[in-house]
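Following: one structure in structure tokens, then a few remarks.
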Amino acid sequence: MKKYTYILATALGLSVLTSCEDRLEVAPTTQVEADVAVTDFNSLDKAALGVYSALQSEDYYGFRYNIYHEIYSDNMQFVGTFTTDAEAARRALTASNLQIENFWGTIYLVINRANTVISQAERLVTAGTITAEQRDAISGEMHFLRALAYFDLVKVFGGVPLELNATSGLPDIQYLARSSEQEVYSQIITDLATAENMLSLVEVGDPRRASSLAATALLARVYLQNGNNAEAQAKASQVIESGAFSLMPTFASVFTTEGSGNSESIFEIDFTPNDQNSLGSATNPNTPGQKFYVSEDTYNVLQASAANGDSRFAATVRIEGSANRRRLLKYEDAVNNADNVIVIRLAEMYLIRAEAAVRQTANGGDNILPVSPQVLSDINAIRTRAGLRPLLVLTNRAALDEILLQRRLEFVGEGLRFMDLRRYNRTCEVLGFCDAQAFRNLWPIPLQQIEINPNLEKNEGY
């Protein structure tokens with residue numbers, strides 16, 4: 001199928017609080033002033049595509065960000081010599097880990113580009129160059145992407161600096177202190193509500209660009225992780241009941257169909273042979289380089305479920321290579337490395353709605369009561385698509401365990417496992433983050449950032 005290619009806007013080159021001073025050039029030769037480069041809707045749209053382009057970085061969704069969530073949890077393992085990756089796999093990250101620094105800098109680059117496009121959209125509409133509707137279409141996408149970026153920061157670093165203004169050079173850098181975790185969540189929710197509203201008149205079409213329902217779906221995920229279960233349930237229901245998405249007929253087809261042809265994909269990031277990620281080659285034992293494989297424990301869980309008819313085992317992992325490695329199959333294109341990366345899909349909405357509903361009732365004696373028919377139906381929607389028999393009854397306590405299991409079977413390699421274990425308070429039991437090691441529930445604030453920004457405090461324990 002025809003791919004949708006993101007265009008890197010030359011106007012948007014600087015990140016906030018980047019890793020080292022040589023990155024903070026006042027006037028890099030590859031960029032021009034945003035006011036000069038962005039003059040009409042067409043150039044504004046190209047600038048917006050530059051924000052999507054930053055998501056493709058190997059230091060973000062193009063490779064290691066999601067993978068680190070998997071190897072830092074129990075879903076995947078690392079085989080290689082890179083110290084940065086080995087620290088994550090041992091769950092012994094240090095503040096001097098350069099990969100953690102790269103995550104920070106790349107995600108703030110996304111934020112700064114989004115801030116720049118938002119400000120340029122306002123400038124153009126004030127000047128009468130574009131309409132309010134055109135501004136909303138672009139600015140709504142930028143609020144969604146900024147919210148996604150801040151959520152990807154807060155869920156691993158805790159509170160971070162909230163930069164909501166565009167930075168174009170050294171004089172603009174404010175060296176902000178960290179906002180609290182709740183302040184960051186509040187800004188994420190505000191941005192997503194803004195995106196919902198601004199994009200409400202834009203037709204939901206290609207998942208490679210943000211939509212109003214993509215903002216609603218991300219809100220469901222954010223509310224669930226932040227403990228607002230009533231809102232998480234409501235937002236997940238809104239996405240499901242919109243009728244804009246449907247589960248793909250088979251689990252395997254979710255990862256072989258891209259763009260608008262994938263009825264389950266709510267938001268995905270596009271890659272092409274000319275604009276590659278590294279996921280296919282990094283999970284393939286037949287290509288050189290550092291490798292990331294499905295863990296033995298996850299393999300056994302998938303295999304046990306396959307004995308009951310679960311098709312996800314065969315579609316997720318295969319023993320391959322001379323060393324019998326457990327290869328992840330969701331990103332199987334090791335030649336072109338052009339598999340799209342799905343960030344949010346409908347299957348998660350069913351499990352979010354079920355979990356949020358149970359968490360509102362599963363306390364005290366309610367734990368032993370049966371779940372509602374809706375919860376059972378949502379869980380069974382995922383089970384039956386996978387080839388498992390539907391469950392006929394579950395207590396609230398058993399339902400939470402079943403939902404966690406289904407999330408593990410469903411989302412291997414998609415970067416959700418560590419977040420799930422934290423939400424379920426299972427990181428002590430599963431990852432060993434008990435007592436003196438509990439600080440490892442957050443990643444370290446990069447040492448390079450602390451050295452640059454005198455107002456930035458480190459995370460406890462690092």
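General remarks:
- Maximal additional length on extending the SER253-ALA234 stretch stands at 4.0 nm, based on 0.36 nm per residue less the C-alpha distance.
- With a Förster radius of 45 Å applied to the beta-carbon distance between ASN324 and SER246, the computed FRET efficiency rounds to 0.75.
- Folded to 0 to 90 degrees: helix 132-157 orientation relative to the chain principal axis, Cα: 60 degrees
- Difference of contour (0.36 nm per residue) and Cα-Cα distance, THR131 to SER377: 84.1 nm
- Förster-model FRET efficiency, 25 Å R0, THR384 and GLU203, C-beta, rounded to 0.05: 0.25
- Projected onto their three principal axes, the Cα atoms of the stretch 311-462 cover extents of 56, 48, 28 Å, largest first.
- Zone residues, the stretch 264-305, relative to ALA314, backbone N less than 18 Å from point 7 Å out along Cα-to-Cβ: 299-305
- Total lysine pairs under 26 Å (Cα atoms) in the chain, excluding pairs fewer than 8 apart on one chain: 9
- Mean ellipticity per residue at 222 nm, deg cm²/dmol - from DSSP H runs of n ≥ 4 across the chain, formula -39500 (n - 2.57): -14500 deg cm²/dmol
- Relative to the longest principal axis of the Cα atoms of the chain, the long axis of helix 41-55 makes an angle of roughly 50 degrees.
- Kirkwood-Stokes translational diffusion coefficient of the stretch 254-347, alpha-carbon pairs, 4 °C, 1.567 mPa s, µm²/s: 91 µm²/s
- Where the alpha-carbon atoms of the stretch 122-278 are placed on the principal axes, they occupy 53, 41, 35 Å, in descending order.
- Over the chain, Cα pairs under 8 Å with separation of 6+ residues give a relative contact order of 20 percent.
- Relative contact order for the stretch 88-166: 43 percent, from Cα pairs under 8 Å spaced at least 6 residues apart, divided by residue count.
- Modelled FRET efficiency - R0 41 Å, ALA438 with THR287, Cβ distances, 0.05 increments: 0.60
- The mean accessible area for residues of the stretch 165-235, using a 1.4 Å probe and ignoring ligands and nucleic acids, is 42 Å² per residue.
- Pairs of alpha carbons in the stretch 114-189 separated by more than 14 Å make up 64% of all such pairs.
- Net charge of Cβ neighbours under 15 Å - reference THR395; Lys, Arg +1; Asp, Glu -1: -2
- Protection-proxy order for peptides 77-90, 325-338, each taking the mean of Cβ atoms within 10 Å per residue, highest first: 325-338, 77-90
The values are calculated or read from the model by the stated rules, or taken from the named source; none is laboratory data. The structure presented is a predicted model; accordingly, all values stated were derived computationally and were not measured. Cβ atoms come from the backbone with ideal geometry, glycine included; neighbour counts cover every protein chain shown. Note: accessible area is taken over every heavy atom of the protein model, side chains too, but ligands, DNA and RNA are not part of it. Shrake-Rupley method; radii C 1.70, N 1.55, O 1.52, S 1.80 Å.
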